[in-house]
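Comments concern the structure below.
The values are calculated or read from the model by the stated rules, or taken from the named source; none is laboratory data. Every value quoted in this text rests on a predicted model; they were computed, and no experiment measured them. Cβ coordinates were reconstructed from backbone atoms using ideal geometry, including for glycine residues, and neighbour counts include every protein chain displayed.
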Amino acid sequence: MKNTKMIMNREELNEVLYNNPVELETLVNTEYAIGGELLDEAKNNRNFIEYFFPYGDEGEFIEVDDDGYVINDGIYR
């Protein structure tokens, strides 16, 4: 798996998911990986990123491995 774009914080995550002209149904097996403060947050939460939908909690989640590759997610569109 070769990822070329890193999502480093929640602002970048919202940009990729909700302000991107290409709608992504998932981040699994895409060119995106998680890094920086967002990866630190995931590692402190069982490798999960949660509560990122801009309008409240819709039950979304992103699960990453220790290197920041997305291995599972549930993204509300």
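Miscellaneous remarks
- When restricted to residues that are in a helix (DSSP H, G or I) and under 19 Å from I71 (Cβ atoms), region 13-40 contains 7.
- Exactly one residue out of L17, L39 is crowded, with 16+ Cβ neighbours inside 10 Å and either of a type in the set (F, W, Y) or modelled with pLDDT under 95 (or both): that is L17.
- Restricted to region 52-77, and to residues there that are closer than 14 Å to N14 by Cβ and surrounded by 12 or more Cβ atoms within 10 Å (Cβ to Cβ), the residue that is modelled with the lowest pLDDT is F53.
- Answer residue from region 20-36, given it is closer than 15 Å to G74 by Cα and polar (S, T, N, Q) and is surrounded by the most Cβ atoms within 10 Å (Cβ to Cβ) among those: T30
- Residue in region 23-33 that is under 17 Å from N9 (Cα atoms), out of contact with any Ser or Thr (no Cβ under 8 Å at 6 or more places or on another chain) and without any contact (Cβ under 8 Å) to a residue 24 or more places away in the chain present: no
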